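J.: Attaching a single structure in structure tokens format; questions to follow.
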Amino acid sequence: MADALNAFPDVNIVPDEVVGFAQTIIHKPSVTGGEGILGRFLGHALEGFGLRVELQEVTTGRHNVLAVLPGDDPALSLLFHAHMDTVPFVAMVNPLSARIQDDHIWGRGSVDQKGGLAAAVMALAAIARSGVRLRSSLGLALVVDEEAEHRGSMALVERGLQARQAVVTEPSGLRLVVGCKGTLPFQIRVRGKKAHGCRPWLGVNAIHQALRVMQALEDVEYPEYVVPGYGKVRGSLNLGVIEGGLAYNIVPDECSLWFDRRTVPGEAQETVLEGIQAILDRLAEDGNPPVESFLSVARPDWNWAPIRRRGLWPAVTPADAPLRELVARHHLAVIGQPVETYFTDGYNEMDFLINDLGIPTVQYGPGDSRLCHTDEERLSVPQLLDATRVYVRLALAAAA
Ligand SMILES: [Zn+2]
């Protein structure tokens, strides 16, 4: 098989330029809700590199940046997807410094996911600069709000964005991620009856009742799914927060449990909720005393009704998607080792691309995802450069 890059020797990436660009965008804060400045900067930069740019307003002052490198055919043969927002700085020291130390760029968002974003932009910029003639077009969707209510990718869905295939550039340590779990955050409010702590038999202890709910949910077996080319994955449940009780001598009348249910392909939010409700109904009927409870989809940072209604679904790359083989081939050519196929327990927005837009999508990006959201967040420079090289090859193989 001819090496796509050898066929186009003029497509060169300049390592200093790639690293410098990544540093520049890490310097610009873009905590969720404040992506405006970075978005405008990227829009101008992409125009400067020769791409056609459109800003899609998502909420006031917050835009998705949609860019196209046009080919003979306007249809997109490959779309790169990245999110521009980051989580807050929390306790990270110098979160915007983008300093380089031990071959890593430090900073909030360096791994999640300005590295992948920079690699995709630099790959398209290198192709644009080369003047290579493209048979089909290449696209880039930079979205807002990934770390919160996913309004950016929901806006892509609203618009009906189309592409033959897509790469989510979230960090995968350059593994080929062929699917992700969904996440269903829910709250169960358990009600009791207040009484003085010296006469608990006159009340109903909401915390005790909540413990029974916890126990019942712990006993559930979570379904398994076999990911083509990877293996078995299983759903899970985490009880993250318990709220309840006022004082040691008062029988509590209210207790809230906040759960994170991770789902595997084949599980739908509605069915999972029905299953939980059935358990609660059983406890309400045969309980002694009966458990009075209220189930709702809830996450502290979710106020927007559409995302609560839709939820975040599991996704899996179609087993026959040519992109799997394409990434494997070009990863091998750049890295010299076969790519590891992976399915992530985390969630990412390949959900919207695969499930809503029907675009066969993989995740493949630079950076160690275990460093996401930590105070030690730092991006491997060699991985950043390798990702850029692989993206150039993928883009050329798809479009040239
Ligand atoms: Zn991310």
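All of the numbers you see were taken from the coordinates with simple rules; none came from a lab. All figures in this text were calculated on a predicted structure; none of them were measured in a lab. Every residue, glycine as well, gets a Cβ built from its backbone with ideal geometry; the counts of neighbours run over all protein chains shown.
J.: Rounding to the nearest 10 and keeping the result within 0 to 90°, find how far the Cα-based axis of helix 36-48 lies from the longest principal axis of the chain.
T.: Once rounded, one gets 20 degrees.
J.: Dipole magnitude of the stretch 182-309 about its Cα centre, charges +1 at Lys/Arg Cβ and -1 at Asp/Glu Cβ only, in debye to the nearest 20?
T.: Taking the Cα centre of the stretch 182-309 as origin, the dipole is about 300 debye.
J.: Something else about it: So which GluC sites (Glu not before Pro) in the stretch 262-361 end up in coil per DSSP with only 15 or fewer other C-beta atoms within 10 Å?
T.: In loop regions of the stretch 262-361 (DSSP not H, G, I, E or B), the sparsely surrounded GluC sites (Glu not before Pro) are E340.
J.: Enter the Cα centre distance for the pair the stretch 231-310 and the stretch 135-191, rounded to the nearest angstrom.
T.: Result: 25 Å between the Cα centres.
J.: To the nearest 20 debye, what charge dipole does the chain have about its Cα centre, counting +1 at the Cβ of each Lys and Arg and -1 at the Cβ of each Asp and Glu?
T.: For the chain, the charge dipole is close to 260 debye.
J.: If you look at just the Cα atoms of the stretch 40-92, how large are its Rg and its Dmax in Å?
T.: 14.0, 49
J.: I would also like to ask the following. Taking 0.36 nm per residue of sequence separation and subtracting the Cα-Cα distance, how much length would be gained by fully extending the chain between A333 and D73, in nm to one decimal?
T.: 90.8 nm
J.: Please compute the modelled spin-label separation between N288 and Y248, points set 7 Å along Cα→Cβ, answer in nm with one decimal.
T.: Each label point lies 7 Å from its Cα, and together they span 3.1 nm.
J.: According to a simple spin-label model (label point 7 Å from Cα along Cα-to-Cβ), what is the distance in nm between R159 and E47?
T.: Taking the simple label geometry, E47 and R159 are separated by 1.6 nm.
J.: Can you give the % of DSSP beta bridges in the chain that are antiparallel, to the nearest 5?
T.: Antiparallel: roughly 75 percent of the beta bridges in the chain.
J.: Give, in nm to one decimal, the length gained when the segment between E218 and D301 is fully stretched (0.36 nm per residue of separation minus the Cα-Cα distance).
T.: Gain on extension, E218 to D301, equals 27.3 nm.
J.: In the stretch 78-94, which residues have a backbone nitrogen under 16 Å from the label point lying 7 Å from E376's Cα in the Cα-to-Cβ direction?
T.: Those under the cut-off are 91-93.
J.: Next question. If R0 is 22 Å, what FRET efficiency do you get for R191 and D260 from their C-beta distance, rounded to 0.05?
T.: With a Förster radius of 22 Å, E is 0.45.
J.: Right, another one. With each pseudo-label sitting 7 Å past Cα toward Cβ, what's the A91-R199 distance in nm, one decimal?
T.: In this crude label model, A91 to R199 measures out at 4.7 nm.
J.: How about K28: which lysines have a C-alpha closer than 17 Å to its C-alpha, ignoring those fewer than 8 places off in the same chain?
T.: The reachable lysines, counting only those whose Cα sits under 17 Å from K28, are K114.
J.: Only helical DSSP H runs with n ≥ 4 go in: add -39500 (n - 2.57) per run for the chain, normalise by residue count and round the 222 nm mean residue ellipticity to 500 deg cm²/dmol.
T.: Value at 222 nm, helices only, nearest 500: -10000 deg cm²/dmol.
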